[in-house]
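Everything on this sheet refers to the single structure shown next.
The values are calculated or read from the model by the stated rules, or taken from the named source; none is laboratory data. Bear in mind the structure is a predicted one, so any value in this text is a computation, not a measurement. Cβ: placed from backbone, ideal geometry, glycine included. Neighbour counts: every protein chain shown.
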């Protein structure tokens with residue numbers, strides 16, 4: 001019998017939480033950052049190298065996998081874990097983000113959304129039920145309800161309409177998840193809180209979802225154009241109304257500073273394309289802040305990214321070499337910087353987990369930020 005999905009809250013420090021998720025494919029230590037593997041791959045990375053950075057879980061996407069290679073094909077080939085050679089935990093987004101990001105290619109109604117494929121123009125219907133069915137075919141451990149993510153700024157009426165539609169879709173998603181036997185397979189379905197930048201709507205959404213039997217809760221509709229202080233405010237507002245004994249996932253966030261601040265507001269899980277996208281564009285994240293390796297000042301710099309960094313990538317390869325690879329358009333440049341960036345994000349999460357256990361989250365957060373403020377590594 002498959003072990004059920006479980007979350008344990010191990011320690012708290014203020015609002016910061018140290019927890020552990022157990023799925024059919026392993027343990028996820030929280031706070032956790034999930035590298036994004038939209039199309040069954042974390043771009044430029046081998047699965048075993050992603051694991052070596054300290055990642056316990058990666059994210060896949062319903063919309064993209066629905067179009068190519070197709071959920072039914074992945075199921076016939078043994079499920080997403082086997083397909084992408086990632087035997088650990090997988091979380092899938094429902095396709096709700098694409099309702100916003102691909103607004104020009106979709107038609108939305110109360111029943112669901114019809115997409116026009118960005119690949120070949122073919123049409124695809126996604127309803128709450130079909131989204132859950134696809135995630136079941138993929139075999140993901142942690143699944144998301146279909147929702148509507150409203151881009152900010154937006155009117156209150158528009159935000160409320162999207163929030164209420166998402167609540168209706170939450171109930172439909174849960175019914176389908178249980179009909180398909182998700183809980184018996186050790187899988188989890190998360191409800192998604194919407195409400196934009198309106199505190200009252202956030203409270204209403206969180207309260208309504210908390211009354212539904214979800215295994216966890218996601219905070220959606222942020223990092224979509226609002227300032228950081230608004231994101232932090234809405235995050236704190238939302239977590240105050242979510243069950244203490246269930247994991248909280250802040251979707252699509254963010255910069256290292258976003259993660260540090262959101263952990264202090266009660267968030268357990270994060271995902272973002274930022275570390276991988278930055279790596280492909282010549283940017284490295286380090287404990288000294290961001291470094292743009294395209295910059296000419298690195299052309300003759302023999303120093304590594306960080307002599308005390310979390311991976312050999314940051315300790316061995318010179319900035320001059322990385323500058324050369326990026327300027328020459330060599331794939332290895334993107335590989336090495338992506339590897340470094342994911343490892344750095346995991347290092348931040350590890351430091352925060354250790355700090356929460358010791359009751360020193362605020363001190364650790366201040367130390368991390370002081371490192372960024374000091375800037376680049378001192379030269380001998």
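Listed values, structure above:
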| read-out | value |
| --- | --- |
| Pick from the stretch 184-229, criterion over 18 Å from the mean Cα position of the chain (by Cα), part of a helix (DSSP H, G or I) and free of Cβ contacts under 8 Å to residues at least 40 places away in the same chain, ranking: surrounded by the fewest Cβ atoms within 10 Å (Cβ to Cβ) | 229 |
| Members of the stretch 1-47 found to be more than 17 Å from the chain's Cα centre (by Cα), outside any strand (DSSP E or B), touching a residue at least 24 places away in the same chain (Cβ under 8 Å) and surrounded by fewer than 18 Cβ atoms within 10 Å (Cβ to Cβ), listed by number | 2, 3, 4, 14, 15, 24 |
| Residue match in the stretch 250-257 (condition: free of Cβ contacts under 8 Å to residues at least 60 places away in the same chain, assigned by TED's automatic domain parsing to the domain that holds residue 56 and within 20 Å of residue 354 (Cβ to Cβ)) | no |
| Complete set of residues in the stretch 52-89 that are crowded, with 16+ Cβ neighbours inside 10 Å and farther than 25 Å from residue 119 by Cα | 52, 53, 54, 55, 56, 57, 86, 88, 89 |
| Strands (runs of 3 or more DSSP E) wholly inside the stretch 266-380 that include at least 1 residues being free of Cβ contacts under 8 Å to residues at least 60 places away in the same chain and outside the structural domain of residue 234 (by TED's automatic domain parsing) | 283-286, 289-292 |
| Qualifying residue in the stretch 75-95 (condition: in a helix (DSSP H, G or I) and touching a strand residue (DSSP E or B) at 6+ places or on another chain (Cβ under 8 Å)) | yes |
| Residues of the stretch 230-241 that turn out to be closer than 15 Å to residue 210 by Cα and in a helix (DSSP H, G or I), as a count | 3 |
